[in-house]
Amino acid sequence: MLKLDSVCTRYGNIYALKGVSIHVNEGEIVTIIGANGAGKSTTLNTISGIVRSVSGSVFFNGADITSMPTEKIVESGLIQVPEGREIFPLLTVYENLILGAYLRKDKAAVAKDVEYVTGLFPRLSERFKQLGGTLSGGEQQMLAIARALMSKPKLLLMDEPSLGLSPIYVQNIFSVIKEINKEGTAVLLVEQNANMALSVASRGYVMETGKIIMEDKASNLLDNESVRAAYLGI
Amino acid sequence: METIVQQLLNGLTVGGIYALIALGYTMVYGIIKLINFAHGDIFMVGAFVGLLAVNLIADSFIVAVLAAVVFCGFLGIFVEKVAYRPLRENSPKVVITSALGLMLIILLAVFARGDVAGIVSSGTFWIGAVLILAVMFWLIRGRVSGRNKNGNSRINALISAIGMSIVISNMVMLLNGPQREVYPRLLPDYSFSAGPFHISALQLFIIAVSFVLMYLLYYIVHKTKTGLAMRAVSHNLNAARLMGINPDRIISFTFLIGSCLAAVAGVLVGTYYNIADPNVGMMYGLKAFVAAVLGGIGSIPGAVVGGIVLGVAEVMGVAFISPSFRDAIAFGILIFILIVKPTGLFGTKMKEKV
Ligand SMILES: Nc1ncnc2c1ncn2[C@@H]1O[C@H](COP(=O)(O)OP(=O)(O)O)[C@@H](O)[C@H]1O
Ligand SMILES: [Mg+2]
């Protein structure tokens with residue numbers, strides 16, 4: 001479904017990705033774990049076309065999206081929930097959700113999906129008229145995910161959804177990720193919370209300074225000695 | 001008392017017009033953090049296109065406004081494409097876009113005048129064109145050598161904007177000549193008495209048109225999906241792109257709306273003072289800019305309030321202090337607000353655009 005082939009990306013003269021090759025199959029949850037600064041966000045932003053690769057290629061559902069504009073990539077069903085949530089703080093919760101459905105024309109179905117996503121995150125429905133910026137961190141993360149779901153994604157890219165959240169919220173968000181996946185959406189999950197990520201994913205990649213250094217079934221990575229030492233703190 | 005009310009009405013008329021122009025500055029600033037210095041010139045072009053349409057088609061306010069709005073709408077989009085978009089784009093197409101755009105203006109001017117001599121000999125026109133091209137070349141050079149990544153993008157945009165302003169005002173002077181033109185009375189002006197006051201129907205009309213347009217703008221920005229996208233792009237460009245919004249299209253739309261409002265203002269000013277002057281673009285532009293800063297640049301209600309406050313202050317200053325104060329008042333206000341409250345009346349904290 002998604003395939004990166006030897007992708008290199010640089011900021012100025014410094015390479016943040018040095019030949020990254022990963023893939024995600026239909027219906028999978030795949031995770032990329034790695035320390036801060038490894039290049040995880042750069043990988044997602046290169047896929048979304050927010051930053052441009054200097055070499056290598058990105059294919060999504062058979063189409064070459066390497067140099068496609070971001071909005072076209074979004075239109076093809078590849079949606080990112082960015083790091084730090086990036087909700088619109090001066091727009092209401094409802095307006096944030098509607099922006100998620102920006103490319104959709106089917107008004108009635110959009111209204112239905114507002115109900116569906118607020119069913120997933122009931123806290124949001126109590127806060128429809130509130131400005132996004134007034135929500136707590138956990139609620140903002142819920143909004144960011146709900147907003148992404150409004151576009152009916154085929155593949156969801158999630159950048160550290162658990163960052164800075166209390167354990168209750170983390171539980172909640174990961175159970176929603178599983179539920180979304182069960183309904184057929186593939187997920188590429190980037191996390192520093194490796195334990196959580198590997199427990200929901202089917203496969204995982206380990207990233208270090210712009211390179212994939214390990215790739216395996218999630219359960220194998222959870223058992224791997226060096227992964228446990230480096231990323232699980234055990 | 002009577003004079004005060006009378007002057008208040010004068011102030012509201014001028015202020016409504018300032019507000020219409022100020023809205024274009026503030027919307028563009030809100031969305032790409034750029035002072036579009038060519039905006040005052042678009043206003044001036046609006047007056048002249050209205051005049052041309054009246055001469056060619058019919059002696060009618062509606063005809064003048066329609067022609068001005070359509071032409072300036074395109075002009076606004078064109079200015080953005082030639083002078084500003086190349087600065088954002090990440091490709092070596094930049095010089096070509098700008099050069100082709102400028103060439104198009106020159107060809108049109110040659111065609112309209114029927115001779116080449118005026119354009120070739122107009123020094124200031126070429127200064128403007130060279131400013132724009134110099135910025136673009138400089139950008140490419142930086143990109144090729146890997147230096148100055150967007151570092152001075154604001155200065156670049158500013159120079160490009162000034163270049164565009166020079167190009168447009170010189171174009172009008174080349175085509176029309178530098179002299180002022182008499183503007184026909186497109187609207188009947190009669191005054192009626194309400195108690196002790198003499199009220200001008202034309203003034204009431206101008207005030208009404210200004211407010212209707214402001215409401216229309218409010219409606220677009222706050223009640224439509226495109227308006228929502230405008231607000232999203234102005235708050236966070238990359239997040240907006242992740243929603244599937246094409247920022248270039250939204251930015252074009254913003255220039256379109258702002259330019260249309262300026263075009264209407266141009267025709268209103270021509271009709272009100274019975275004069276079209278190719279030299280006023282700069283002055284009206286600066287005053288509307290002061291109005292936008294006074295209200296808090298980037299704030300739509302701010303531009304409206306700023307425009308009206310400036311208009312009233314100016315008229316009162318002329319009436320009660322001295323007519324020679326007229327232009328000084330605007331710049332006095334600018335200096336005062338920059339010292340006391342640089343964010344303006346409605347401005348929020350300045351957020352640096354990353
Ligand atoms: N906008 C940027 N400009 C310059 N360098 C950047 C930028 N974003 C990230 N980097 C650098 O690229 C590397 C990878 O960063 P990132 O992809 O954010 O890592 P991660 O998401 O894994 O923490 C880091 O060394 C970081 O400093
Ligand atoms: Mg990151």
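The values are calculated or read from the model by the stated rules, or taken from the named source; none is laboratory data. None of these values were measured; they are calculated from a predicted model. Ideal geometry is used to build each Cβ from the backbone, glycine not excepted, and the neighbour counts take in all protein chains shown.
Structure notes:
- Set A:S151, A:S136, A:S162: member being over 23 Å from A:G233 (Cα atoms), among the hydroxyl-bearing types (S, T, Y) and at pLDDT below 95: A:S136
- Scanning the range A:1-36 for residues that are within 17 Å of the chain's Cα centre (by Cα), away from ligand 1 (no atom under 12 Å from the Cβ) and either closer than 22 Å to A:F174 by Cα or assigned to a strand (DSSP E or B) (or both) yields a total of 13.
- Candidates in the range B:253-278 are the residues that are aromatic (F, W, Y) and touching a residue at least 60 places away in the same chain (Cβ under 8 Å); of these, the one that is nearest to B:V79 (Cα to Cα) is B:F255.
- Condition check for A:V114: within 30 Å of A:H23 (Cα to Cα), away from every other protein chain (no Cβ under 14 Å) and touching a residue at least 24 places away in the same chain (Cβ under 8 Å): no
- The set of residues from the range B:314-339 being of a type in the set (A, V, I, L, M), without any contact (Cβ under 8 Å) to a residue 12 or more places away in the chain and surrounded by fewer than 15 Cβ atoms within 10 Å (Cβ to Cβ) comprises B:I321, B:A328, B:I335, B:I339.
- Scanning the range B:233-248 for residues that are within 9 Å of chain A (Cβ to nearest Cβ), in a helix (DSSP H, G or I) and without any contact (Cβ under 8 Å) to a residue 12 or more places away in the chain yields B:H235, B:N238, B:A239, B:A240, B:R241, B:L242.
- Applying the set (1) within 16 Å of ligand 1 (Cβ to nearest atom); (2) under 26 Å from A:K3 (Cβ atoms) to A:A230 leaves exactly one unmet item: (2).
- If you filter the range A:53-72 down to residues that are at the interface with another protein chain (Cβ under 9 Å from one of its Cβ atoms) and touching a helix residue (DSSP H, G or I) at 6+ places or on another chain (Cβ under 7 Å), you find that the one that is surrounded by the fewest Cβ atoms within 10 Å (Cβ to Cβ) is A:E71.
- Within the range B:19-104, helices (runs of 4 or more DSSP H) holding 1 or more residues that are touching a residue at least 40 places away in the same chain (Cβ under 8 Å) and within 12 Å of the chain's Cα centre (by Cα): B:39-56, B:61-79
- Taking the range A:165-200 as the range and being assigned to a strand (DSSP E or B) and either assigned by TED's automatic domain parsing to the domain that holds A:L135 or modelled with pLDDT of 95 or more (or both) as the test, the residues that pass are A:A186, A:V187, A:L188, A:L189, A:V190.
- Looking across A:G27, A:G19, A:G49, A:G12, one residue alone is at positive phi, facing another protein chain (nearest Cβ under 10 Å) and in contact (Cβ under 8 Å) with a residue 24 or more places away in the chain. It is A:G49.
- Tally, over the range B:209-232, of residues that are in contact with a Lys or Arg (Cβ under 9 Å, 6 or more places away or on another chain) and either facing chain A (nearest Cβ under 7 Å) or in contact (Cβ under 8 Å) with a residue 60 or more places away in the chain (or both): 2
- Exactly one residue among A:G184, A:G164 is away from ligand 1 (no atom under 16 Å from the Cβ), among the small types (G, A, S) and surrounded by fewer than 17 Cβ atoms within 10 Å (Cβ to Cβ), and that residue is A:G184.
- The number of residues in the range A:193-212 being more than 15 Å from ligand 2 (Cβ to nearest atom) and of a type in the set (S, T, N, Q) comes to 3.
- Candidates A:G49, A:G39: the one that is within 16 Å of ligand 2 (Cβ to nearest atom) and within 17 Å of the chain's Cα centre (by Cα) is A:G39.
- Evaluated against (1) surrounded by fewer than 20 Cβ atoms within 10 Å (Cβ to Cβ); (2) within 16 Å of ligand 1 (Cβ to nearest atom); (3) within 30 Å of A:V114 (Cβ to Cβ); (4) touching a residue at least 40 places away in the same chain (Cβ under 8 Å), A:G133 falls short on exactly one condition, (2).
- Failed condition for B:G258, given (1) surrounded by fewer than 20 Cβ atoms within 10 Å (Cβ to Cβ); (2) within 11 Å of the chain's Cα centre (by Cα): (1)
- The residue list B:G285, B:G306, B:G281, B:G311 contains one member that is in contact (Cβ under 8 Å) with a residue 12 or more places away in the chain, in contact with a His (Cβ under 6 Å, 6 or more places away or on another chain) and part of a helix (DSSP H, G or I), which is B:G285.
- Cross-chain or 6+ apart pairs with Cβ under 6 Å, the range A:30-45 first and away from every other protein chain (no Cβ under 14 Å) and in contact (Cβ under 8 Å) with a residue 60 or more places away in the chain, then aromatic (F, W, Y) and more than 6 Å from ligand 1 (Cβ to nearest atom): A:I32/A:Y205; A:I33/A:Y231
- Within the range A:8-36, the set of residues being touching a Gly at 6+ places or on another chain (Cβ under 9 Å), away from ligand 2 (no atom under 16 Å from the Cβ) and among the aliphatic types (A, V, I, L, M) comprises just one member, A:V30.
- A single member of B:L102, B:L23 is crowded, with 17+ Cβ neighbours inside 10 Å, modelled with pLDDT of 90 or more and not aromatic (F, W, Y), and it is B:L23.
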